[in-house]
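Peer 1: After the structure tokens below, expect a handful of questions from me.
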Amino acid sequence: MNDFEGRVAIVTGGASGIGLATARLLSSRGARVAALDLKPEGLPDGILGVQADVTDDLQVKSAVEAVVDRFGGLDVVVNNAGIGAIGDVTVNSDDEWLRVLDVNVVGMVRVARHAVPHLRRSTAASIVNTCSIVAWAGVQQRVLYSASKGAVYALTLAMAADHVREGIRVNCVAPGSADTPWIGRSLEQAPDPAAARAALEAFQPTGRLVTADEVASAITYLASPLSSASVGTVLAVDNGMHGL
Ligand code: NAD
């Protein structure tokens, strides 16, 4: 399917996991794709790597301008870069709080700030933010990460309201436990990583983790005109976890 032919997409966090799967899928459907990441290395042919840290406004501005200069416009932004944090309210320091909120929330704002003026010129503009079911599921030992994703959810609704009348749709996906390098790293910290993985899989209603490709499919749907009446929505990709 070539439904993204002639479209240009930026995927933040596009060098790993969900972002990489999304960059691949958009590219396979005809989009010219830039993966914006801290270290955009090892990308498949046809995906442009752009180095930027989403906590640095100047780097983000330069990266967005570089993509627009190279490809001649911008139609899709996948705001996906994110980091995690473990702990209840007694654990994380103020610096950790500010760091995670800076990457997970303000990082999306910076990318959108510099992308929106270009998206206004697109005839099929879409922003998809990567949220998480922790935004409303009440998961233990995830106060900081959950608060950051709750903010992403609210940010999505507010951005959608602001930009829908100028032709930019804003939506978000909410993955459950998705099998990415991130989950791999966190399972490796368990005393018995194989047992921890088996326990996480058993916790899923389907007995398996979500794949990065499944999240990429949902993001690509929200980025495409197939979802043309969806504005300010959240699409859960979580094996049914949010309903439990
Ligand atoms: P990942 O660690 O595999 O990929 C994240 C990417 O973001 C990496 O390439 C990393 O370099 C990049 N990144 C991190 N900080 C950055 C920064 N400051 N500037 C630019 N790039 C930066 O993780 P993933 O599992 O693919 O997660 C992607 C998104 O999905 C995140 O927003 C995460 O919160 C969300 N998510 C993941 C899961 C899951 O179970 N894996 C579940 C719900 C939501």
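Peer 1: Of the listed peptides 26-33, 75-82, what is their order by residue-averaged count of other C-beta atoms within 10 Å, with the highest listed first?
Peer 2: Packing proxy ranking, top to bottom: 75-82, 26-33.
Peer 1: May I pose another question? Residues with beta-carbon under 14 Å from that of residue 107, excluding residue 107: net charge, scoring Lys, Arg +1 and Asp, Glu -1?
Peer 2: Overall, the nearby charge balance is 0.
Peer 1: Out of residues 5 or more away from residue 238 or on other chains, whose amide H comes under 5 Å of its own, with H placed 1.01 Å from N in the peptide plane?
Peer 2: The list, which skips near neighbours in sequence, is 176.
Peer 1: Relative contact order for the stretch 101-244: what percent, with Cα pairs under 8 Å and sequence separation of 6 or more?
Peer 2: Details: 204 pairs, mean separation 42.3, N = 144.
RCO, the stretch 101-244: 29 percent.
Peer 1: I've got another one for you. How much space per residue, in cubic angstrom, does the convex hull of the C-alpha atoms of the stretch 138-188 take up?
Peer 2: With only Cα atoms used, the stretch 138-188 gives 92 Å³ per residue.
Peer 1: For the stretch 84-164, with equal point scatterers placed on the C-alpha atoms only and solvent neglected, what are the log10 I(q)/I(0) values from the Debye formula at q = 0.11, 0.13 1/Å, to two decimals?
Peer 2: For the stretch 84-164 at q = 0.11, 0.13 Å⁻¹, log10 I(q)/I(0) is -0.34, -0.45.
Peer 1: Next up: Quick query: amide H of residue 125 versus all other amide H atoms, modeled in the peptide plane; which residues come in under 5 Å with a sequence gap of 5 or more or a different chain?
Peer 2: For residue 125, the qualifying residues are 169.
Peer 1: Now a separate question. Please find, in a Gaussian network model of the chain (springs between Cα atoms separated by less than 10 Å), the residue of 195, 174, 158 whose mean-square fluctuation is greatest.
Peer 2: Among 195, 174, 158, the largest GNM mean-square fluctuation belongs to 195.
Peer 1: Nearest 10 degrees, 0 to 90: what angle lies between the long axis of helix 212-223 and the longest principal axis of the chain (Cα atoms)?
Peer 2: That works out to roughly 40 degrees.
Peer 1: Viscosity 1.002 mPa s, temperature 20 °C: give me the Stokes-Einstein translational D for the chain in µm²/s, with Rh taken as the Kirkwood radius over C-alpha pairs.
Peer 2: Details: Rh = 18.0 Å.
After rounding, the answer is 119 µm²/s.
Peer 1: Give me the extension gain from residue 83 to residue 39: residue separation times 0.36 nm, minus the current Cα-Cα distance, reported in nm with one decimal.
Peer 2: Value of the extension gain: 14.4 nm.
Peer 1: Separate question: Working from Cα positions, state the angle (0 to 90°, nearest 10) between the long axis of helix 143-163 and the longest principal axis of the chain.
Peer 2: 20
Peer 1: Mind giving me the FRET efficiency for residue 69 and residue 99? R0 is 35 Å, r the Cβ-Cβ distance, nearest 0.05 is fine.
Peer 2: That gives a FRET efficiency of 0.70.
Peer 1: Using the alpha-carbon centroid of each, what span in Å lies between the stretch 84-129 and the stretch 180-201?
Peer 2: The stretch 84-129 and the stretch 180-201 have Cα centres separated by 26 Å.
Peer 1: Could you identify which residue out of 146, 227, 93 has the top mean-square fluctuation in a GNM of the chain using Cα springs shorter than 10 Å?
Peer 2: 93
Peer 1: Taking Cα atoms, how many degrees apart are the long axis of helix 17-28 and the longest axis of the chain, rounded to 10 and kept between 0 and 90?
Peer 2: Helix 17-28 sits roughly 30 degrees off the main axis of the chain.
Peer 1: Another question, then. Report the residue, chosen from 54, 11, 143, that carries the largest GNM mean-square fluctuation when the chain is represented by alpha-carbon nodes joined by springs under 10 Å.
Peer 2: Per the Cα network of the chain with a 10 Å cutoff, 143 tops the list.
Peer 1: Nearest 20 debye, what's the magnitude of the dipole of the stretch 27-151 about its Cα centre given +1 on Lys and Arg Cβ and -1 on Asp and Glu Cβ?
Peer 2: So the magnitude is around 540 debye.
Peer 1: Once you sort the root eigenvalues of the Cα gyration tensor of the stretch 111-244 as a ≥ b ≥ c, which label holds: rounded (a/c under 1.5), prolate (a/b larger than b/c) or oblate (the other case)?
Peer 2: Verdict is prolate for the stretch 111-244.
Peer 1: Compute the relative contact order of the chain as a whole-number percentage, counting only Cα pairs closer than 8 Å that sit 6 or more residues apart in sequence.
Peer 2: The value is 19 percent.
Peer 1: Along Cα→Cβ, 7 Å out, is where each label goes; now give me the distance between the ones at residue 62 and residue 228 in nm to one decimal.
Peer 2: Label-label distance for residue 62 and residue 228, simple model: 4.0 nm.
Laboratory data are not the source of any read-out in this text; all were calculated from the coordinates shown. Note that this is a predicted model, so its numbers are computed, not measured. Methodologically, a virtual Cβ is constructed for each residue, glycine included, from the backbone with ideal geometry; neighbour enumeration extends over all protein chains shown.
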